[in-house]
Amino acid sequence: MPVPAATPAASPWFERPWAIALAGLLALAVAMGVGRFAFTPLLPMMLHDGVVTIAQGSWLATANYIGYLVGALACTAVPWLLPGLYRRWGPAPFAHAGLAATVLLTLAMALPVPALWPTLRFLAGVASAFVLLNVTAWCMVRLALQGRAFMGGLIFAGAGLGIVFSGLAASAMVAVQWRAATGWAVFGVLALLWYLPVWPVMRGLASPAGAARPAGAKAPPAQAAATVLARALHALGYGLAGLGYIVTATFLPVIARMALEPGSPWPDLFWPIFGVGATVGVVLSTRSPERWDRRWLLVACYGVQAAGIIVGLLLPTVAGFAMGSLLLGLPFLAIVSYAMQVARRLWPEAADSFMSLITVLYGLGQIIGPPITAWLLAVHGQQRGFTLGLMFAASALVLGALIYVGSALRWRRLP
């Protein structure tokens, strides 16, 4: 009598692709939607409470971006300086450390100790970089091993959804006249609730076997030089994206309040519109065929973001700000997703460190934006200062697009 073949055991729920993608999505909602970008809708509340000025708010934002840069530098160094530790632990413990820190640091912002706030925002930036880079590394490898690499882009939707929820929540808090300190406490609790489902899923090495990538054959000198140049151009182009979006991302509700009539409910809604656009855009990016060169897609994304800034400048109305917010948001997370894919393609044997390195350049772009805008505000006043700051940001996006055009024309296929 023939023995029936054994049925393969089903994978535990926490190892299935949908669970991995959802865990990554929630993790980025915590780190980016709350840890980094909850500050944008809360800044007008802090200004209204009189606990900060616009200049002080700009420096708080800068402290967060400096922390993001430091965190990205640390993530770049760990696989090189501590290779044995990184191979043994993988990215998951670093992601959990960043998530736990984000919850605590967000709650601590509710403390009435303004002297502590720059340090808290700095550390929140460090934590957000740890989460973004380590979650991306862990989820992308896990999904690729299961033949679901296309789902990797979905994790970036978490940042967009976090922006939407934090923006709408802040709008509701403004309507009932809550103070900013209460807002920070609410967002800290929200971050904790989003983090809890991530805990049982994100564990173990990204690759269960822990196998190292095979080393490729040594490239000829000319090809090696071309590869180095292509990597440098990619890092520079991605860094300009950080500079291009940050002025609007930091000051959008403040700019809208200045332009619209007092008491308008719209300024608090433009940031959630940005978040909706970011979520929709990154979900659509997962449908991009593999044969499409991601550099040309980045060119299109940079162009759309620059157009969003220009629309807000030319039409300082409800319709103009809404359209500008949507256009700026649509490519925001798609740019991150495409840039990480290009980084893995350009340097597969050191993908985690290279993704961290280009994030360092992105962080530098973010650091430059708010202080330049604060200086322009001091020299030219609020209206002209914001206009010049936004024009500078749009120019950075145009330059970034031109860099990717040059790269795509020089190397029809990535070296």
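The values are calculated or read from the model by the stated rules, or taken from the named source; none is laboratory data. If you're wondering where the values come from, they're calculated on a predicted model, not measured in any experiment. Because the Cβ atoms are built from the backbone with ideal geometry, glycine has one as well, and the counts that use them run over all protein chains shown. Ligands, DNA and RNA are stripped out before the accessible areas are found, and what is left, the full protein with its side chains, is counted by its heavy atoms. Shrake-Rupley method; radii C 1.70, N 1.55, O 1.52, S 1.80 Å.
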Report task. Work out, in µm²/s and without decimals, the Stokes-Einstein translational diffusion coefficient of the stretch 58-181 at 10 °C, 1.306 mPa s, Rh from Kirkwood over C-alpha pairs. Result -> 98
Query - Rg(Cα) / (2.2 N^0.38 Å) computed for the stretch 1-130, rounded to two decimals - result: 1.46
Query - Rule-of-thumb Rg ratio for the chain [Cα; 2.2 N^0.38 Å; N residues] - result: 0.98
Report summary line: In units of 2.2 N^0.38 Å, the Cα radius of gyration of the stretch 12-75 is 1.53
Requested in this report: Compute the accessible area per residue over the stretch 85-200, keeping the other protein chains in place, probe 1.4 Å, unit Å².
Outcome: 41
Query raised in the report: At a probe radius of 1.4 Å, what is the per-residue accessible area of I403, in Å² to the nearest 10?
Result: 30
Query raised in the report: What relative contact order, as a whole-number percentage, does the chain give when Cα pairs under 8 Å and 6 or more residues apart are counted?
Result: 25
Requested in this report: For the chain, build the charge dipole from Cβ charges (+1 Lys, Arg; -1 Asp, Glu) around the Cα centre, then report which of F332, L409, V299 sits farthest towards its positive end.
Outcome: L409
Query - J(HN,Hα) series, the stretch 127-137, from Karplus relation 6.51 cos²θ - 1.76 cosθ + 1.60, nearest Hz, glycine and proline x - result: 5, 5, 5, 4, 5, 4, 6, 6, 5, 4, 4
Query - Full-extension gain in nm, A319 to R179, via 0.36 nm per residue minus C-alpha separation - result: 47.5 nm
Query - Neighbour count of at most 13 Cβ within 10 Å plus DSSP loop: longest trypsin sites (Lys or Arg not before Pro)-free window in the chain - result: 1-217
Report task. Give me the distance in nm between label points sitting 7 Å out from Cα along the Cα-to-Cβ direction at R412 and E261, one decimal. Result -> 5.9
Report summary line: Taking Cα atoms only, helix 54-81 is inclined relative to the longest principal axis of the chain by an angle, in degrees rounded to 10, of 10
Query raised in the report: Tell me, what is the Rg over Rh of the stretch 66-130, with Rh the Kirkwood radius over Cα pairs?
Result: 1.07
Report task. At q = 0.27, 0.30 Å⁻¹, what is the base-10 log of I(q)/I(0) for the stretch 289-347 according to the Debye formula with one equal point scatterer per Cα and no solvent? Please give it to two decimals. Result -> -0.98, -1.11
Requested in this report: Please report the orientation-averaged projected area of the stretch 302-407, defined via the convex hull of its C-alpha atoms, in nm².
Outcome: 7.1
Query raised in the report: Given charges of +1 on the Cβ of Lys and Arg and -1 on the Cβ of Asp and Glu, with all other atoms neutral, how large is the dipole of the stretch 242-340 about its Cα centre, in debye to the nearest 20?
Result: 260
Query raised in the report: Taking the radius of gyration and the Kirkwood hydrodynamic radius from Cα positions alone, what is the Rg/Rh ratio for the stretch 238-354, to two decimal places?
Result: 1.05
Requested in this report: Determine the gain in length on full extension of the stretch L116-W292; use 0.36 nm per residue of separation and subtract their C-alpha separation, reporting nm with one decimal.
Outcome: 58.6 nm
Query raised in the report: Per the 1.4 Å probe, what fraction of the accessible area of the chain, in percent, lies on carbon and sulfur atoms?
Result: 72
Requested in this report: For W18 and A232, calculate 0.36 nm times their separation in residues minus their Cα-Cα distance, and state this gained length in nm to one decimal.
Outcome: 73.6 nm
